[in-house]
1. Got a sec to turn the phi values of region 97-102 into Karplus ³J(HN,Hα) couplings, 6.51 cos²θ - 1.76 cosθ + 1.60 with θ = phi - 60°, whole Hz, x for Gly and Pro?
2. Filter the GluC sites (Glu not before Pro) in region 144-194 down to the DSSP loop ones having no more than 11 other Cβ atoms within 10 Å, then list what survives.
3. Residues with amide H under 5 Å of Arg181's amide H, sequence separation 5 or more or different chain, H placed in the peptide plane at 1.01 Å from N; which?
4. Can you tell me the FRET efficiency between Asp256 and Glu8 if r is taken as the Cβ-Cβ distance and R0 is 35 Å, rounded to the nearest 0.05?
5. Provide the per-residue ³J(HN,Hα) series for region 167-173, in order, calculated from phi with Karplus coefficients 6.51, -1.76, 1.60 and θ = phi - 60°, each as a whole number of Hz, with x at glycine and proline positions.
6. Using a 1.4 Å probe on the protein heavy atoms only, what accessible surface does Tyr126 show? Give it in Å² to the nearest 10.
7. Pull up all non-local amide H partners of Val14: gap of 5 or more, or a different chain, and H-to-H distance under 5 Å with H placed in the peptide plane.
8. Over the chain, with every protein chain in place, what whole percent of the accessible area is carbon and sulfur at 1.4 Å, could you tell me?
Amino acid sequence: MSAAESAEPRVLFVGGLGRSGSTLLELLLAQSADVCAVGEVVHLWERALGADERCGCGERFTACPFWQRVGEHAFGGWSAVDRDDVLALKDRVDRTRHIPRLAKNSLSPEQLADVRRYADLYTRIYRAALAATGARVVVDSSKHASLAFALRWAEGLDLRVLHLVRDSRAVAYSWGKQVRRPEVVDGEDFMPTFSPFEVSKLWTAQNAAFHLLAARAQVLRLRYEDFTADPAGTVRRLREFAGLPDDPEALRILTDPPASPFRAHSIAGNPLRFSGGPLTVRRDEAWRSRLPRRSRAVVSLATLPFRVRYGYLGQRGSDESVEKA
Ligand SMILES: [Zn+2]
């Protein structure tokens, strides 16, 4: 075992509600050789192991050499993983309703055994991904707060959590759109949609959970609007949070974008994983003109407390500065 393998694997876990720009952010970070972005590992059990969906590289999961190496290294091959057992374990550990329990300082012996076994599956995958690529940090964009809470119980894992927030009205607009999932090879499937009120509840619950986690783990908060306003500064800040040295090469993609950037071996995420074109960071403000007035009113009111906290008030709210995490 090499020195890198014997050390605790380090993961930058991207948390928050989906449609907050995490796929773009992880692709940007993954352009550096010392960062390995693996997408949303929480969906690996069903979408990759179960449905053999396409990896971000374009290959099906079973045909992707990276994921086959990871499976070999982590478990002695994916066939050794009992998917039904993992899904049952996931249900007992990794659900939003379990967060109050996972936030406590102690667990019953049965609960502790479950959460440690569940977190160990991820730790093994992170370690294997680092070994397969020689990277120093793995980025998991799973986002669910319940998984971040489970990982805080992991043994031998260096967990750093990025709490990504975006204006709730932009998030609600995005969840209302019908988007085809290009990773599905057999037939056609669409990303789920949620009503403005459902999005408001999810947005508030996820953000509240990451504030709770911040007292128990290393958490850095980042607004999507600040990321898109200053991508280079964001990359520098995140690399520093992840314990990585400043790397001018990591920023080159922003000033001199290659025609075809590196496509990460990612599980699930935004369809832009498959676009293959140059990566451009641009704030998507379509919601300002396209989110219906009534939906906007519902979301604005239902998410008011955290919108105030994050500086998302009024028409120009997204441009205001905000407290540091
Ligand atoms: Zn792949």
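The values are calculated or read from the model by the stated rules, or taken from the named source; none is laboratory data. Everything numeric here is computed off the predicted structure, so don't read it as measured data. Heads up, the Cβs are rebuilt from the backbone with ideal geometry, glycines too, and the neighbour counts pull from every protein chain shown. These accessible areas exclude ligands, DNA and RNA; they are computed on the full protein's heavy atoms, side chains included. Shrake-Rupley method; radii C 1.70, N 1.55, O 1.52, S 1.80 Å.
1. Along region 97-102, the couplings run 5, 8, 4, x, 5, 5 Hz.
2. Glu155, Glu188
3. Asp189, Phe190, Met191
4. E between Asp256 and Glu8, to the nearest 0.05, is 0.50.
5. With the stated coefficients, region 167-173 comes to 3, 4, 6, 5, 5, 5, 4 Hz.
6. Its heavy atoms expose roughly 0 Å² to the probe.
7. Result for Val14 returns Asp140, Ser141, Ser142, Lys143, Leu162.
8. Values: 7220 of 14430 Å².
The C+S portion of the solvent-accessible surface of the chain is 50 percent.
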